[in-house]
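Down below is the structure, laid out as structure tokens.
The values are calculated or read from the model by the stated rules, or taken from the named source; none is laboratory data. This is a predicted model, so every value here is computed, not measured. Positions of Cβ are generated from backbone atoms using ideal geometry, with glycine treated the same way; all protein chains shown enter the neighbour counts.
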Amino acid sequence: MPDMYKKYKEEVVPAITKELGYKNVMQVPKLQKIVLSCGINTDADRSAFTEAQEQFTAITGQHAVITKSKKNVANFKLRIGQNNGVMVTLRGPRMYQFLDRFVHNATPRIRDFRGIPTRGFDGSGNYNMGLDDISVFTEVDLEKMKNDLGLNITFVTSAKTNEEAKALLTLLELPFKK
């Protein structure tokens with residue numbers, strides 16, 4: 001099992017149980033999945049989608065999926081079924097491995113990093129954040145990158161409130177701004 005999962009079981013569950021006053025261990029919120037996504041301009045050449053797919057696969061260790069449009073949007077020159085991005089959903093051990101690499105390897109490499117903003121909570125216990133550049137991940141080969149890619153990361157938790165989710169993610173070592 002990944003180190004972050006061991007940390008969750010051995011340190012986070014007892015700490016949150018004590019901090020939030022849960023009577024049962026099953027009440028403790030947990031990380032359900034991490035979704036990584038990226039929107040790509042549809043005017044870009046078709047190789048941009050395969051490049052993004054390869055980079056996401058390298059970062060996560062899981063095959064990335066090219067997403068397609070579900071609606072026509074005239075302002076974006078978008079038609080139904082047209083490619084518009086790349087995404088990966090991580091669960092289980094791969095999710096904890098990615099979280100470990102993100103917290104310990106990627107965030108220290110972000111230029112002028114002062115912490116992750118706390119305004120990304122959605123009111124129901126999930127947290128969203130974005131990165132301007134995926135080159136902070138050590139798995140990305142900068143020689144092969146032709147296009148700059150950003151990254152949206154969504155941490156989906158079983159927490160009912162933002163406070164529970166923030167307590168969980170803070171104990172899982174996400175470096176929030178003070």
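Brief remarks follow.
- Scanning the range 83-131 for residues that are at pLDDT 90 or above, in a loop (DSSP other than H, G, I, E, B) and closer than 16 Å to residue 152 by Cβ turns up 117, 122, 126.
- Comparison of 62, 53 shows that the only residue that is assigned to a helix (DSSP H, G or I), touching a residue at least 12 places away in the same chain (Cβ under 8 Å), out of contact with any His (no Cβ under 6 Å at 6 or more places or on another chain) and over 21 Å from residue 175 (Cα atoms) is 53.
- Boolean, residue 18 is assigned to a helix (DSSP H, G or I) and either basic (Lys, Arg) or touching a residue at least 40 places away in the same chain (Cβ under 8 Å) (or both): yes
- Sole residue being basic (Lys, Arg), touching a strand residue (DSSP E or B) at 6+ places or on another chain (Cβ under 7 Å) and not in a helix (DSSP H, G or I), chosen from 70, 33, 23: 33
- Qualifying residues in the range 69-96 (those that are in contact (Cβ under 8 Å) with a residue 40 or more places away in the chain and more than 12 Å from the chain's Cα centre (by Cα)) - the one nearest to residue 52 (Cα to Cα): 86
- Of the residues making up the range 1-21, those that are touching a Leu at 6+ places or on another chain (Cβ under 9 Å), aliphatic (A, V, I, L, M) and under 14 Å from residue 100 (Cβ atoms) are 4, 12.
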